[in-house]
Each structure stands twice: as structure tokens, then as C-alpha cells.
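The values are calculated or read from the model by the stated rules, or taken from the named source; none is laboratory data. In this text, all values refer to a predicted model and were calculated from it rather than measured experimentally. Methodologically, a virtual Cβ is constructed for each residue, glycine included, from the backbone with ideal geometry; neighbour enumeration extends over all protein chains shown. These accessible areas exclude ligands, DNA and RNA; they are computed on the full protein's heavy atoms, side chains included. Shrake-Rupley method; radii C 1.70, N 1.55, O 1.52, S 1.80 Å.
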Amino acid sequence: EKGGWSSFMAKEVSEQPDAIANTLRGRITDGHVVVPELTEFGDDVLAGIRRIVIIACGTAAYAGQTAKYAIEKWAGVPVDVELSHEFRYRDPVITDDTLVVSISQSGETMDTLMAVKYAREAGAKTISICNTQGATIPRESDAVIYTHAGPEVAVASTKAFVSQIAALYLFALHLARVRGSLTEAELAVQTAELQAIPDKVATTLLEADSIRQLAQWMTDTRAVLFLGRHVGFPIAMEGALKLKELAYIHAEGFAAGELKHGPIALIEPGQPVFVIVPSPRGSAHLHPKVVSNIQEIRARGARIIAIAEIGDAAVLPFADTVIHIPLAAPLFEPFLAVVPLQIFAMELSIAKGLDVDQPRNLAKSVTVE
Ligand code: F6R
């Protein structure tokens, strides 16, 4: 079943280009995003949405946090991202012009299911993003966008995560078209960027050998920090989650701008810090800020592992290791930046002799509260 791979996780990481391509299939025609599942609502309903609330847990919630940037920028609708178990127990304000989007690989996560039921009863329209055909959450939702990533067996979510972001980007572009918030030309540019992602993810996978070597040197590491900004921030948190669950190492993700508000106190000589560096071309305003964050923590002895765009020369003098990702527009960098973090967590788990597919204390689908 593993098809020659040493673990399901290794197989599923490698399947990510196909998983994303499968999510996109049938939903882009002649450079236009039309998600057939969304047409059930009628364009007037989608045009009248005043607020979007995304509910999910764990990695799926990080997919939601990542997509918030694109949905707000393209569709111009405010987006809140909430953990399902927090949402349903705090009397959230839900009106009939609220669209609640749930994200769940399994479609069976009890907390998310209960949150969807709550939202529906409160009058919201509900859409689910799900990887499992016919699961409970899609059956309880008004519409479903299946990710079609194929079965995910490893407990740690990888291909489902990138497919969830792809599905949310399709949703955002469909919404932007219906609402007229992007011009035809802008829609075409973003759609082409999305269609280019599977090949770029495939290129990123070629870094696997050097990441394995890095991980093999780090089996005694006690804590790892992850820094990101803008869409790199939820990816930093996802990288930390992967490392906790797979390698049992204390890990935290921070927004790089938050460093001097506290976390910089954690930096001591030798502390490994992964930094997701925004593109110097696409994010010309953010890139120098992150490079200066790198300098600040390097001066305090941090060991910097930078994930940076190919050709980004500014980070080279300050990084101990640079992992290169292909060029992409800023909102599309998460698809690429997350891949080295997945591989790092997987390889460190393997190097420590742990069960990478079945980490201790975890279940693939959490059907209890
Ligand atoms: C992390 C992981 C979990 C799940 C979470 C939600 O690698 O797999 O954090 O993402 O339990 O599961 P689903 O998406 O099935 O609702």
C-alpha cells in the first residue's frame, strides 16, 4: 500500500503536487474559476455574504488561517478563523448573511461537526471543505467542496493541508468573480498562479535530501522555533505543530513582528530557528523586516534555517542553512514553504527512531470531544 515508500507520510508528502492538481480539476475552465458546488447557492446569495467564519481544528485550522489573507484580499469579505471547540461554546454572533466554512480532512471531527450544526441552527449558510466522500460534516452542510487529495493514512496531515488551501483559494476566486471584487484580468492572473502550484511543489520536493541531512544532525534538539510573517505566520505554526506531533520536540510558531514583544527572550546560543522569508520581489515591504529579524536573533546566537525564494541573496550572509523554494506570488508561498517543514518533522521523527505514521497519543480522526 505504501507503494515502495518507507512510510505513508513519505508517500503522502510526495503526492502533494497530484493532490493539489486533483483539487483544482474540473473547477477551472478556460482560465476561469467556477466551483460547481458553489453554484447551488445562487450568485445573489454569495454576493450578499457580509462575513465569513472559518471553523476547524489543528492543521485544518492553519489552512483556514492561511486562506484568510487571500479571501479578504480577493473577495473583500471579512474572515474570522476559529477553532471549532472555542467557537461553539462562546455564543458567537451568527446572522443569516454569515457564511460558515468548515474544514476537515476526515469530515468526522466531533468538535467541527458540532460547530457546523450550531452555525446552521443559528441561521448561517454552511460550506464544508472535506477530503472524505460522504462523511458526516459534509452531510450536515449546505454545500461541500471535496479536496480529492486521495486517502490520507498517516496521522499527520500533509497533502490534505495543501489541498484544503487550494480548495479555499478556488472558493475565494469564485467569490471574487461573483462579487466583482477582482477584474477579469486580476482573476486570470491569480488563477494562473494557482494552476502553476503543483509543478512548483514538485520542485520544492527536490530539497528533501538536504533537509534529511539537516534533521539527522538535530536529533538532540530540545526546542525549535518557527518565525513567519503575513501568510508565513500560519505556516510557521503548522511547522511547529508537525514537529511536536512527529518528533515530540517542543516547538512554537511566532509572527516575526511579535519577536520583540516577548519571544526574543527565548533566544540563546545554538537555538534553532526556522524563518520563512517573504519574497524580496513580491513582498518588497516585508522582506527587509524579516531579514532584520534574522539579524537580531542571529546576534543572540540563534542558528538560522531560512526558507527563502531561489535567488534571495540578502539572507545568505545571515543564515546557517538556506532551503530554497521556487518563485511564486506572495499569497502562493504557503504551498511551497510548508513542504520543507513537513519533511523536516518527518525526517527528524525517523532519525529519532519514532513511528512517523502513528505518533503516540494521537488518532487520525478525533470523533470525541
Ligand atoms: C495534524 C493533524 C490534526 C488534524 C485535526 C483536524 O497533523 O492531522 O491537527 O488536522 O485533528 O482533523 P480533520 O481535518 O480530520 O478535522
Portion, in percent, of the accessible area of the chain that falls on carbon or sulfur, probe 1.4 Å: 52
Helix axis angle, 110-121 relative to the chain longest principal axis, alpha carbon, degrees: 30
Between the range 299-349 and the range 234-268, the Cα center-to-center distance that results, in Å: 14
Angle in degrees between helix 184-204 and the longest Cα principal axis of the chain, rounded to the nearest 10: 40
Where labels lie 7 Å past Cα in the beta-carbon direction, separation of I310 and E1 in nm: 3.6
Neighbour-limited loop hits for trypsin sites (Lys or Arg not before Pro), the range 171-279 (at most 12 other Cβ within 10 Å; DSSP other than H, G, I, E, B): R222
Net length gained if the chain between V45 and E258 were fully extended (0.36 nm per residue, minus Cα distance): 72.8 nm
Rg over Rh, two decimals, the range 138-181 (C-alpha only, Kirkwood Rh): 1.08
Within the range 103-147, backbone nitrogen closer than 19 Å to the virtual label 7 Å beyond the Cα of D97 toward Cβ: 120, 122-127
Among T29, T39, S7 - extreme Cα towards positive end, dipole of the range 1-103, charges at beta-carbon: S7
Distance-filtered residues of the range 106-128 - backbone nitrogen under 14 Å, label point 7 angstrom along V368 Cα→Cβ: 110-111
Scattering curve values for the chain, log₁₀ I(q)/I(0), Debye with Cα scatterers, q = 0.14 Å⁻¹: -1.18
Solvent exposure ordering (accessible area, 1.4 Å, most first) of W217, W74: W217, W74
Those trypsin sites (Lys or Arg not before Pro) in the range 68-117 that DSSP places in a loop and that have at most 11 other beta carbons within 10 Å: R90
Share of alpha-carbon pairs per 10 Å distance bin for the range 165-312, given as whole %: 10, 33, 34, 17, 6, 0
Cα→Cβ-extended label distance, 7 Å offset, between Q216 and Q195, nm: 4.1
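Length gain on complete extension for the stretch A329 to K117, per 0.36 nm per residue less the alpha carbon to alpha carbon distance?
72.7 nm
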Relative counts (whole %) of C-alpha pair distances in the range 227-326, using bins that are 5 Å wide: 3, 14, 25, 28, 20, 9, 2, 0
Rounded Å value of the spacing that divides the Cα centres of the range 47-84 and the range 196-229: 27
Cα-based helix-to-principal-axis angle, 333-351 vs the chain, degrees rounded to 10: 60
Estimated Rh, the range 80-191: Kirkwood, alpha-carbon pairs, angstrom: 14.9
Unit charges at the beta carbon, dipole of the range 212-369: most positive-side option, A299, V315, A265: A299
Total charge dipole magnitude, the range 237-312, about the Cα centre, Cβ charges on Lys, Arg, Asp, Glu only, Debye to nearest 20: 140
